[in-house]
1. What residue, among those in the stretch 26-50 that are small (G, A, S) and over 13 Å from the mean Cα position of the chain (by Cα), is nearest to R4 (Cα to Cα)?
2. Can you pull out every residue in the stretch 10-34 that is in contact with a Pro (Cβ under 8 Å, 6 or more places away or on another chain) and of a type in the set (A, V, I, L, M)?
3. Consider only pairs whose beta carbons are under 6 Å apart and that are at least six residues apart or on different chains; among these, list those whose first residue lies in the stretch 12-33 and is farther than 20 Å from S58 by Cβ and whose second residue is among the aliphatic types (A, V, I, L, M).
4. Report those strands (runs of 3 or more DSSP E) wholly inside the chain carrying at least 1 residues which are on the phi > 0 side of the Ramachandran plot and exposed (fewer than 13 other Cβ atoms within 10 Å of the Cβ).
5. If the requirement is being without any contact (Cβ under 8 Å) to a residue 40 or more places away in the chain and touching an Asp or Glu at 6+ places or on another chain (Cβ under 8 Å), which of these qualifies: R4, R63, R53?
Amino acid sequence: MNLRVRVVHCTCAGDQHWFADIDDTDDPQPDDPYWFVDRCRSQAEALERACARLLELSGEVLRSGSLTRVQEAHLVSV
């Protein structure tokens, strides 16, 4: 499994913020990541939070051999 962090600068209704997610590099559709955070005040904050979570996810993969996607965890309704 090759995980990647993506950090994006967003402007929604005039509100500028940063978004980050963690997904598998082989996933062709980035619509269901393993983790995400929105409304970070800076790129550095988004990247710092994503890297901390990436370290946690790496430990989960080593312990269980798999990860749960956001939608599978029932955190988001589609």
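The numbers here are math on the coordinates, done by the rules we state, and not lab data. Just so it is clear, the structure is predicted and the values come from calculations on it, not from any experiment. Positions of Cβ are backbone-derived with ideal geometry, glycine not excepted, and every protein chain shown enters the neighbour counts.
1. A44
2. I22
3. W18/A46; F19/V8
4. Result: 35-40.
5. Answer to the check: R4.
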